[in-house]
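Novice: I'd like to ask you about the structure that follows.
The values are calculated or read from the model by the stated rules, or taken from the named source; none is laboratory data. The shown structure was predicted, so the numbers you read here are calculated from the model rather than taken from an experiment. A quick note on method: Cβ atoms are made from the backbone with ideal geometry, for glycine too, and the neighbour counts reach across all protein chains shown. Areas reflect the complete protein model, heavy atoms only, side chains present, ligands, DNA and RNA absent. Shrake-Rupley method; radii C 1.70, N 1.55, O 1.52, S 1.80 Å.
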Amino acid sequence: MSNTNSPQRPSVKIAYIGGGSRYWARDLMKDLALQACFDGEISLYDIDFPAAQKNVEIGNLLFRRKEAVSHFKVRAVKTLKTCLKNADFVVISIEPGPIENRFADLEIPLKFGVLQPVGDSTGPGGWLRGLRSIPVFEDFAHQIMQHCPDAWVINYTNPMTLCTRALYAAEPKIKAFGCCHEVF
């Protein structure tokens with residue numbers, strides 16, 4: 001199968017919020033390159049625009065490989081609106097707040113004897129991360145319903161259940177589900 005869009009396969013637009021992710025965006029694009037169900041476009045949005053641009057380079061390399069059985073045009077965009085416009089799928093994988101907060105979520109409870117093997121999902125660390133994430137996810141929900149109301153939203157951000165619930169609390173008609181990357 002060639003690396004060009006095929007008239008026999010549907011074309012989809014995937015909006016990736018957190019598209020500057022060092023690992024998550026790369027893994028998504030690797031997985032997409034190895035499936036032959038559809039081709040399309042991936043719009044990468046991140047508050048760190050240079051990181052999203054770097055992932056465009058990586059994505060273009062991945063989709064040009066001879067092993068790639070699908071083709072996606074990968075681009076970095078500067079606004080969430082541009083990313084979401086007419087998307088069929090929205091992937092959310094963000095780090096809410098500065099990275100230093102992630103360590104504080106684990107270190108502060110540990111000082112009080114609370115060991116959190118999964119500190120971004122449960123316990124005091126999970127609640128703190130949830131408090132940082134929920135307002136951001138409420139905004140995402142409103143913007144998704146404004147720019148791509150029929151899109152399916154796949155949330156990978158922890159605490160996964162709280163973040164996914166925040167999407168529905170803000171926009172009850174949104175089509176969203178949360179995934180744990182360790183379950184598959």
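Novice: Scan the chain and report its longest stretch carrying no GluC sites (Glu not before Pro) that are both in a DSSP loop and have at most 11 other Cβ atoms within 10 Å. Can you show the working numbers first?
Specialist: Numbers: sites that count: Glu67, Glu182.
Counting only loop sites that pass the neighbour cut-off, the longest clear stretch is 68-181.
Novice: Please list Trp127, Trp24 in order of solvent-accessible area, largest first, computed with a 1.4 Å probe with all protein chains present. Show your work: numbers first, answer last.
Specialist: Working: Trp127 160, Trp24 80 Å².
My answer, sorted largest first, is Trp127, Trp24.
Novice: Quick test of the membrane-span-like rule: which DSSP H helices of the chain reach at least 30 Å along their long axis (C-alpha atoms) with mean Kyte hydropathy at least -1.0? Kindly include the intermediate steps, with their values, before the conclusion.
Specialist: Details: long enough: 123-147 (34 Å, -0.23).
Qualifying helices, which must be both long enough and hydrophobic enough, are 123-147.
Novice: With all protein chains present, calculate the accessible area of Arg165 using a 1.4 Å probe and round the result to the nearest 10 Å².
Specialist: Its accessible surface works out to 150 Å², give or take rounding.
Novice: Any idea what the relative contact order of the stretch 1-91 is, in percent, if you count C-alpha pairs under 8 Å spaced at least 6 apart?
Specialist: Details: 191 pairs, mean separation 37.0, N = 91.
41 percent.
Novice: How far is it, in nm, from the label point at Leu131 to the one at Phe112 when both lie 7 Å from their Cα along the line to the Cβ?
Specialist: It is 1.0 nm.
Novice: On to the next question. Using a Cα-Cα cut-off of under 18 Å, which lysines could be cross-linked to Lys173, ignoring same-chain neighbours fewer than 8 residues away?
Specialist: Cα-Cα hits under 18 Å: Lys85.
Novice: Suppose all protein chains stay in the model; what accessible area per residue would a 1.4 Å probe give for the chain, in Å²? Write down the numbers at each step before the final one.
Specialist: Working: 10240 Å² over 184 residues.
I get 56 Å² per residue for this part.
Novice: How much accessible surface area, in Å² rounded to 10, belongs to the heavy atoms of Ser133 with a 1.4 Å probe?
Specialist: Here the accessible area works out near 0 Å².
Novice: Strictly over 32 Å apart at the Cα level, which of Lys111/Lys175; Lys81/Lys111; Lys13/Lys66 would you flag in this model?
Specialist: Working: Lys111/Lys175 40 Å; Lys81/Lys111 42 Å; Lys13/Lys66 23 Å.
Exceeds cut-off: Lys111/Lys175; Lys81/Lys111.
Novice: Among (i) 37, 30, 27; (ii) 45, 40, 29; (iii) 58, 34, 30, find the value of Cα extents along the principal axes in Å that was calculated from the structure presented, and write down its label.
Specialist: Checking each listed value against the structure points to (iii).
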